[in-house]
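Below is one structure, written out as structure tokens; the observations come after it.
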Amino acid sequence: MRDEDRIQLEINISQPEKYQILPVSLQLLVENALKHNSATTSKPLLIRICGVINGYIEVENNRQPKQLLSDSFQIGLKNLAERVRIITVKELQIDQNREYFRVKIPIVTL
């Protein structure tokens with residue numbers, strides 16, 4: 001509530017009750033976007049959760065890197081990728097450029 005004018009969250013998943021993903025994975029990715037990006041009223045941070053595309057739920061945010069953030073070792077992302085690999089036998093897919101950071105999490109259809 002406190003940051004509603006600086007952070008925009010879009011969730012676009014039809015019938016989400018039909019799918020499962022690793023517990024806490026969405027939370028980790030949203031927290032990751034908040035940790036690594038600045039957000040202002042004039043340049044809000046946009047986080048999108050979309051799915052289901054080719055068996056994956058997609059979490060994407062616009063990139064607005066924080067200037068004072070120390071180097072990241074990406075431990076959280078590495079741990080998530082390893083859990084995904086062990087549990088689903090699929091790979092976490094990461095795609096990024098100067099404008100966006102996108103992670104695709106494999107789903108399990110119920």
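The values are calculated or read from the model by the stated rules, or taken from the named source; none is laboratory data. Predicted model only: the values in this text are computed from it and were never measured. So basically every Cβ, Gly included, is an ideal-geometry build from the backbone, and we count neighbours across all protein chains shown.
Checked against (1) assigned to a loop (DSSP other than H, G, I, E, B); (2) over 14 Å from ILE107 (Cβ atoms); (3) in contact (Cβ under 8 Å) with a residue 60 or more places away in the chain, LEU22 passes all but a single condition, namely (2).
Could you tell me whether segment 52-60 includes any residue that is surrounded by 12 or more Cβ atoms within 10 Å (Cβ to Cβ), in contact with a Cys (Cβ under 6 Å, 6 or more places away or on another chain) and modelled with pLDDT of 95 or more? Within segment 52-60, one or more residues are surrounded by 12 or more Cβ atoms within 10 Å (Cβ to Cβ), in contact with a Cys (Cβ under 6 Å, 6 or more places away or on another chain) and modelled with pLDDT of 95 or more. When restricted to residues that are assigned to a loop (DSSP other than H, G, I, E, B) and either surrounded by 11 or more Cβ atoms within 10 Å (Cβ to Cβ) or aliphatic (A, V, I, L, M) (or both), segment 1-19 contains 4. Within segment 6-34, the residues that satisfy the criterion of being closer than 21 Å to ASP95 by Cβ, more than 12 Å from the chain's Cα centre (by Cα) and not aliphatic (A, V, I, L, M) are GLN8, ASN12, TYR19. If you go through segment 61-77 and pick out every residue that is within 15 Å of ASN37 (Cα to Cα) and at pLDDT 90 or above, you end up with 5.
Answer yes or no as to whether VAL103 is at pLDDT 95 or above, of a type in the set (A, V, I, L, M, F, W, C) and out of contact with any Pro (no Cβ under 6 Å at 6 or more places or on another chain). Considered against the rule, which asks whether it is at pLDDT 95 or above, of a type in the set (A, V, I, L, M, F, W, C) and out of contact with any Pro (no Cβ under 6 Å at 6 or more places or on another chain), VAL103 comes out as yes. So, GLN20, is that one in contact with a strand residue (DSSP E or B) (Cβ under 6 Å, 6 or more places away or on another chain) and either more than 18 Å from TYR100 (Cβ to Cβ) or modelled with pLDDT of 95 or more (or both) or not? So GLN20 fits the description; yes. If you go through segment 25-45 and keep only what is within 14 Å of VAL103 (Cα to Cα) and surrounded by 11 or more Cβ atoms within 10 Å (Cβ to Cβ), you end up with SER25, LEU26, LEU28, LEU29, VAL30, GLU31, ASN32, ALA33. Considering each residue of segment 78-100 in turn, none proves to be of a type outside the set (A, V, I, L, M, F, W, C), surrounded by 13 or more Cβ atoms within 10 Å (Cβ to Cβ), modelled with pLDDT under 95 and under 15 Å from the mean Cα position of the chain (by Cα).
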